[in-house]
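J.: Right, I'll just put the structure down here and ask away after.
The values are calculated or read from the model by the stated rules, or taken from the named source; none is laboratory data. Keep in mind it's a predicted model, so treat the numbers as computed, not measured. Here the Cβ positions follow ideal geometry from the backbone for every residue, glycine too, while neighbour counts run over all protein chains shown.
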Amino acid sequence: MTSCPTPGLTRFNTAEDSVARAALHAICASGAWADALLARRPYPGAEALLAASDAATAALSAAGLAEAMAAHPPIGRPAPGDPASAREQRGMAQAPPELRAEMLALNLAYQRKFGHVFLICATGLGAAQLLDAIRHRTGNTPEREREIVRGELGKINRIRLGRLVEDPAGPYALAQEGTRP
């Protein structure tokens, strides 16, 4: 990723707060995370934005982490009408029906145990890898799992922010042009 402003980063830096907040909400549903990133604008480059995201993710309270996770669909069931979700979960798209059924059952068991969706940065992972990950992680303690989830959320946020700053017309593009007051 580049260290100088890209067209997408320039648009993000200069967008009205409400427009930038909407773009951030599409990336991560945590209001505290979005507030932290908005407060540090303008960013001199993508690396500064990613570092701010990492710090904001690390600082999320349990409620902020829960808020972020609530917006993520279960693995194997991308959100309808959300091409980004489908792209990120592409590894499950061609999975055989028995693997998909096992993933659904494990998703439900995981959610019963931890009280939230199984969150993993699925980009680039195949169905078997995703299945292995949920099998392994279901054995974690809630405390250990919360920290793994925080790390996975950080990875997802980085990928999505990268798309925002590199592709101004992409899935996380700003809704409209605008300048900050």
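J.: Please go through region 1-44 and give me each residue that is of a type in the set (V, I, T) and within 20 Å of the chain's Cα centre (by Cα), ordered by number.
T.: Correct list: V19, I27.
J.: Give me the pairs: first residue in region 41-65 and more than 18 Å from A23 (Cβ to Cβ), second residue surrounded by fewer than 13 Cβ atoms within 10 Å (Cβ to Cβ), beta-carbon distance under 6 Å, and six or more apart or on different chains, which are they?
T.: Qualifying pairs under 6 Å: E47/S3.
J.: What number goes with the only condition from (1) at negative phi; (2) assigned to a loop (DSSP other than H, G, I, E, B) that R144 does not pass?
T.: (2)
J.: Can you tell me which residues in region 104-124 are surrounded by 14 or more Cβ atoms within 10 Å (Cβ to Cβ) and in a loop (DSSP other than H, G, I, E, B)?
T.: H116, V117, F118, L119, I120, C121, A122, T123
J.: Could you check region 37-94 for helices (runs of 4 or more DSSP H) lying wholly inside it with 2 or more residues that are modelled with pLDDT under 90?
T.: Fully inside region 37-94 and qualifying: 83-88, 90-93.
J.: Considering only region 125-141, state which residues are part of a helix (DSSP H, G or I) and either free of Cβ contacts under 8 Å to residues at least 12 places away in the same chain or of a type in the set (A, V, I, L, M, F, W, C) (or both).
T.: Correct list: A127, A128, L130, L131, D132, A133, I134, H136.
J.: Would you check if A32 is within 15 Å of G154 (Cα to Cα), among the aliphatic types (A, V, I, L, M), out of contact with any Leu (no Cβ under 9 Å at 6 or more places or on another chain) and modelled with pLDDT of 95 or more?
T.: Here the answer is no, as A32 does not meet what is asked.
J.: If only one of A133, A127 is crowded, with 16+ Cβ neighbours inside 10 Å, modelled with pLDDT of 95 or more and either small (G, A, S) or closer than 23 Å to I27 by Cα (or both), which one is it? Don't jump to the end; show me each part of the working.
T.: Working: A127 fails: modelled with pLDDT of 95 or more.
The conditions single out A133.
J.: Could you please find all residues in region 7-56 being crowded, with 18+ Cβ neighbours inside 10 Å and among the hydroxyl-bearing types (S, T, Y)?
T.: S30, Y43, S53
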